[in-house]
Amino acid sequence: MKKISFLLMLLVLQLGLGQTNSIVENYPLKAMDLVLYSFGMDNPIAIGTVSDSGELDFKFPKDLNFISDEAKANFLSDAAFTLFSKCDSSYDILSEEENSRAINVGYISLSTKENPYAGLLFMVTDENMVPWLESYGDKNAILGSYFELVYIESDFSFQGECTSTISNTEDDTIVTNYSYYLQLKAGFNFIEYQIESTMEHEVPSMYEENVFEKINKPSTIIVTSSQATPPNTKWIGKYF
């Protein structure tokens, strides 16, 4: 009985931590709205606010009934594409019945009436991951997690693995192994990509012909999900 009570206390503690408001580090602006432009600039989705002190307060809409069917048809994709686009043969992972409609909503934007795109937020466990994310993988990857926000129309669960294979040079192939442990609820979900290991590769320079640069690429990534704000996230802002 004591063991059960202890486990319940841990569960309550974890839930409480997951719901704790987060802070944007070194926030320099005034209070603003948190907005998604996943369905275009004409269809902003308000998901909360950021205070003068940088405290985030999320209030996700329960549904997207205010988004037109036409906009949904234009922007929503299959869950297979949204969640497994990095995998080889991603469309073979899910059956037709499992393939709900979903969208990676992109960056969380900081918005006011005067400036609807005043900045955006990166979600990482280490701010040194931001340059790698901004470079779309052209800089060194490091160990740690980055997060994405996904909207899905129906509950979805998946546990499995896949491999991403990219031909780098004649003598080298970049291989990344993904392990998925997903429990998504209809609506908005945070997806965590935890880079557990990296491997050094020589890749062609973007600036000089016949020159190769050594870059660390992710080799093992664990993918999990949560409906609550991940408590280990650092919120790093970029301002315009």
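The values are calculated or read from the model by the stated rules, or taken from the named source; none is laboratory data. All values reported here derive from a predicted model rather than from experimental measurement. Every residue, glycine as well, gets a Cβ built from its backbone with ideal geometry; the counts of neighbours run over all protein chains shown. Just the protein is used for accessible areas: all its heavy atoms, side chains included, with ligands, DNA and RNA removed. Shrake-Rupley method; radii C 1.70, N 1.55, O 1.52, S 1.80 Å.
Fraction of C-alpha pairs exceeding 13 angstrom in the range 78-141: 73 percent, rounded to a whole number. Probing with 1.4 Å while keeping every protein chain in the model, the per residue accessible area of the range 20-239 equals 54 Å². Taking packing as the residue-averaged number of other Cβ atoms within 10 angstrom, the listed peptides 115-122, 41-48, 140-147 run from highest to lowest as 140-147, 115-122, 41-48.
Compactness of the chain, taken as the C-alpha radius of gyration over 2.2 N^0.38 Å, stands at 1.10.
Just grab the label-to-label distance for E208 and N140, each label 7 Å out from Cα along the Cβ direction, in nm (one decimal). Here the answer is 1.8 nm between the modelled labels. Of the solvent-accessible surface of the range 20-239, computed with a 1.4 Å probe and all protein chains present, 45% belongs to carbon and sulfur.
When the helices of the chain are scored as -39500 (n - 2.57) per DSSP H run of n ≥ 4 and the total is divided over every residue, the value at 222 nm lands at -4000 deg cm²/dmol. Across the cross-link table entries K86/K214; K59/K185; K113/K234, which are compared at the Cα atoms, the separations over 19 Å belong to K86/K214; K113/K234.
How high is the FRET efficiency from D69 to Y91, r the C-beta distance, R0 22 Å, rounded to 0.05? For D69 and Y91, the calculated efficiency is 0.35.
3J(HN,Hα) along the range 222-233: 9, 10, 10, 9, 7, 8, 8, 5, x, x, 8, 7 Hz, from the Karplus curve 6.51 cos²θ - 1.76 cosθ + 1.60 with θ = phi - 60°, whole Hz, x for Gly and Pro. Highest GNM mean-square fluctuation among V211, V203, V24, for the chain modelled with Cα contacts below 10 Å: V211. Residue by residue, the range 145-156 carries 3J(HN,Hα) couplings of 10, 10, 10, 10, 10, 10, 10, 9, 7, 9, 4, 8 Hz when phi is fed to the Karplus relation 6.51 cos²θ - 1.76 cosθ + 1.60 (θ = phi - 60°); x denotes Gly or Pro.
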